[in-house]
Amino acid sequence: MTIGGTIYPRLSTLLFGPDSLHTYALLDGASNNGLLDVLYGNNRPKFECLFTGDLAPDMAYVAPYLAEMQEGSEFARWAVEGGWGKHWGIFAISKLELAPLWRHLRSLTRIIDPDGKPMYFRFYDPRVLRQFLPTCDAGQLKAIFGPVDKFILEGPTPEEGLMFSLHDGELLKETFSL
């Protein structure tokens, strides 16, 4: 998806900032048929699957993956240009390295429904996260964000982007145009 030529330069200013912060793509295999080919390809990023254990091939194919992004890398360009507007996933900015951030995000993948039944929570789908975050109370926001400084994701249209962060326990939502 390109909007007015390319979206990577505009998003890179939001995704890549001070050296103390790390940028990650949280990508949904169910929305991106070529994800595993890229993750295991020649220019592969550091990544971890949010589902643990020995996954059956069909589950590995649709699982969510946390991948580290380096500014200007082939992977970063692919994730931004290829996925924006196609709900491939979301971007997270954090001070944490991959492994501790993975532990936090992995803890969010399963929830219990009102009947006590475990369910997958697809928070890494931008259509879900942009609707869910504004409904959360302060405790829920703290649990979701944890060590994440910002979530950046596509808006309701590909020409819109959203950046969510917390300030004094309050959700801040910034809308930007591409």
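Listed by first and then second residue, the pairs linking a residue in the range 39-57 that is loosely packed, with under 13 Cβ neighbours inside 10 Å to a residue that is part of a strand (DSSP E or B) and not charged (D, E, K, R), with Cβ atoms under 7 Å apart and 6 or more places separating them unless they lie on different chains, form an empty list. Looking only at residues in the range 51-79 that are of a type in the set (A, V, I, L, M, F, W, C) and assigned to a loop (DSSP other than H, G, I, E, B), the one that is nearest to the chain's Cα centre (by Cα) is Ala63.
Residues that are touching a Lys or Arg at 6+ places or on another chain (Cβ under 9 Å) and either free of Cβ contacts under 8 Å to residues at least 40 places away in the same chain or not in a helix (DSSP H, G or I) (or both): does the range 80-88 have at least one? Yes.
For the range 83-99, the tally of residues that are over 14 Å from the mean Cα position of the chain (by Cα) and surrounded by 13 or more Cβ atoms within 10 Å (Cβ to Cβ) stands at 2. You will find that of Leu36, Leu96, Leu101, Leu108, the residue that is of a type outside the set (Gly, Ala, Ser) and either part of a strand (DSSP E or B) or in contact with a Gly (Cβ under 8 Å, 6 or more places away or on another chain) (or both) is Leu36 and no other. Scanning the range 142-170 for residues that are within 18 Å of Leu105 (Cα to Cα) and either in contact with a Phe, Trp or Tyr (Cβ under 8 Å, 6 or more places away or on another chain) or surrounded by 19 or more Cβ atoms within 10 Å (Cβ to Cβ) (or both) gives Ile144, Phe145, Val148, Lys150, Phe151, Ile152, Leu153, Met163, Phe164, Ser165, Leu166.
The criterion of being within 21 Å of Leu129 (Cα to Cα) and not polar (S, T, N, Q) does not hold for Phe75. If only residues of the range 39-50 that are part of a loop (DSSP other than H, G, I, E, B) and within 15 Å of the chain's Cα centre (by Cα) are counted, the one that is farthest from Arg110 (Cα to Cα) is Pro45. Of everything listed in (1) among the charged types (D, E, K, R); (2) more than 25 Å from Leu11 (Cα to Cα); (3) in a strand (DSSP E or B), the single unmet condition for Lys150 is (2). Scoring Met119 on the criteria (1) surrounded by 12 or more Cβ atoms within 10 Å (Cβ to Cβ); (2) not in a loop (DSSP other than H, G, I, E, B) leaves a single failure, condition (1).
Of all residues in the range 80-95, those that are modelled with pLDDT under 95 and of a type in the set (Gly, Ala, Ser) total 3. Checked across the range 166-176, the condition of being more than 26 Å from Ala76 (Cβ to Cβ) and not in a strand (DSSP E or B) holds for at least one residue.
The values are calculated or read from the model by the stated rules, or taken from the named source; none is laboratory data. Since we're looking at a predicted model, the values are computed, not measured. Methodologically, a virtual Cβ is constructed for each residue, glycine included, from the backbone with ideal geometry; neighbour enumeration extends over all protein chains shown.
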